[in-house]
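Structure record follows, encoded as structure tokens.
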Amino acid sequence: MLTLDTLPTCSLAEKDIHNLKRVGETYTAPLDLKVSQLGRMWFHIRMGFERQMALLQANRDLISTGVKEFNVLLNQQVFTDPPISEEAMVTVLDDWVNFYTNYYRQHVVGEEQERDRALQELRQQLSTLCAPFLDKYRAFLKSLSA
């Protein structure tokens, strides 16, 4: 004798839906895993990019500091009598640029290529500062001969 308690509580359609859900979960599980893996890969790429940008910013800050310090050095120079020749002053300026570049070589960060690029940028900016200083020194030499 059948009672209400022994009757199945779900219809065949409900069982089919339940089975379809399980099948769907089975087929999307690898997709979920791939999405999860892609998410982790994206996270690592993003973190690497942010780290690289931080390194770049650190190098830009070092270059800025080096340029400011070099500018202070140039502005502190007092031209004396007897003067050195223009060629000797060019040598002094080249030596100072090399000194600053070698000093900051120890402080730049990143991979070798990035460090080299930062040092090249520093050297270029320091050399750019040398040009007006050398012009000023040439004017000083001319004023002595006049």
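Values for this structure:
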quantity: Residues being farther than 13 Å from S64 by Cα and touching a Lys or Arg at 6+ places or on another chain (Cβ under 7 Å) - total across region 97-108; calculated: 1
quantity: Failed item, numbered, when A88 is tested on (1) small (G, A, S); (2) modelled with pLDDT under 90; (3) within 30 Å of L144 (Cβ to Cβ); calculated: (2)
quantity: Filter result for E111 (closer than 27 Å to Q57 by Cα and surrounded by 14 or more Cβ atoms within 10 Å (Cβ to Cβ)); calculated: no
quantity: Filtered residues of region 69-126 (kept if in contact with an Asp or Glu (Cβ under 9 Å, 6 or more places away or on another chain) and within 30 Å of L141 (Cα to Cα)); calculated: Y100
quantity: Pairs, first closer than 13 Å to S127 by Cβ and free of Cβ contacts under 8 Å to residues at least 60 places away in the same chain in region 73-101, second among the aromatic types (F, W, Y) and assigned to a helix (DSSP H, G or I), C-beta under 6 Å, six or more apart; calculated: L74/F133; Y100/F70
quantity: Residues being out of contact with any Lys or Arg (no Cβ under 7 Å at 6 or more places or on another chain) and either over 18 Å from L74 (Cβ atoms) or outside any helix (DSSP H, G or I) (or both) - total across region 110-130; calculated: 11
quantity: Unique residue being hydroxyl-bearing (S, T, Y) and surrounded by 13 or more Cβ atoms within 10 Å (Cβ to Cβ) when the list is T80, T65; calculated: T65
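The values are calculated or read from the model by the stated rules, or taken from the named source; none is laboratory data. These numbers were taken from a predicted model, which means no experiment stands behind them. All Cβ positions, glycine included, derive from the backbone under ideal geometry; neighbour counts span all protein chains shown.
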